[in-house]
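Report on one structure; see the data block that follows.
Coordinate-derived values only; no laboratory data. The structure displayed is predicted, hence computed values, not measured ones. Because the Cβ atoms are built from the backbone with ideal geometry, glycine has one as well, and the counts that use them run over all protein chains shown.
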Amino acid sequence: MINEFISKKALIAENKRLTQKIIEIEKQNQVVLDNSPVCTKIIDLDYNLQFMSASGVKALDIDDITEFYGTPYPLEFYTKSFKNDMILSLKKCHKTNEIVIHEAPIIDLNGNTLWFHSTIVPIGNDEGELDYFLVFSTDITKFKSLD
């Protein structure tokens, strides 16, 4: 009985330690996402935006990104040509289950033209089926203006 009590106590202590470690890792990940110059987006299999990191929100001058969560990606204010090309890139990634590179200009909410280099990464679940897409976008406007 005493050994059983000690085992339960040890399991509870280990659970607390692992829970604390998970909380620390989540905080670290949030700091990385909040301070990275790369815009990270999560797009579901219906091509709806589920998440956008701080750099994208800042670059696009969006006041409240949560208004766009669950809506089609690319976002409504992007140019038609960008939308069409990005949708083709997402569909290619979906079909091939391979990383796809996409580079194109967009128009932000203030009408400014910005160039983004995006890498679309298919993310699978534990069964090996496609679960969602991660899209990593880097603002390359200053490099394009040198051309």
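Projecting the Cα atoms of 134, 47, 105 onto the dipole axis of the chain, where Lys and Arg carry +1 and Asp and Glu carry -1 at the beta carbon, places 134 farthest toward the positive end.
Against the chain, whose longest principal axis comes from its Cα atoms, helix 2-35 is set at around 20 degrees.
Projecting label points 7 angstrom from Cα along Cα→Cβ for residue 126 and residue 24 puts them 2.5 nm apart. Choose one answer from 13, 59, 104: the residue with the largest mean-square fluctuation in a GNM of the chain with alpha-carbon springs under 10 Å. Highest fluctuation of the listed residues: 13.
May I ask which of 95/144; 83/144; 80/144; 41/80; 27/92; 41/83 have a Cα-Cα span longer than 22 Å here? Walk me through the intermediate numbers first.
Values: 95/144 30 Å; 83/144 20 Å; 80/144 20 Å; 41/80 20 Å; 27/92 34 Å; 41/83 15 Å.
Listed pairs above 22 Å: 95/144; 27/92.
Restricting the calculation to Cα atoms, every distinct pair contributes to the Kirkwood radius of segment 69-117, found to be 11.6 Å.
The distance from the alpha carbon centre of segment 26-84 to that of segment 93-130 is 11 Å, rounded to a whole number. Once the Cα atoms are used to define both axes, helix 80-96 deviates from the longest principal axis of the chain by about 40 degrees.
Between 134, 11, 109, which gets the highest mean-square fluctuation from a Gaussian network model of the chain, Cα cutoff 10 Å? With Cα springs under 10 Å in the chain, the top fluctuation among 134, 11, 109 is at 11. Would you please state the base-10 log of I(q)/I(0) at q = 0.14, 0.22 1/Å for the chain, with intensities from the Debye formula using one equal scatterer on every alpha carbon? Log10 I(q)/I(0), no solvent term: -0.73, -1.44. Taking springs between alpha-carbon atoms closer than 10 angstrom, which of 21, 58, 92 fluctuates most in the Gaussian network model of the chain? With Cα springs under 10 Å in the chain, the top fluctuation among 21, 58, 92 is at 21. Given DSSP loops and a limit of at most 16 other Cβ atoms within 10 Å, what is the longest stretch of the chain that contains no such GluC sites (Glu not before Pro)? Answer from the scan: 1-75.
With contacts taken as Cα pairs under 8 Å and at least 6 residues apart, the chain reaches a relative contact order of 20 percent.
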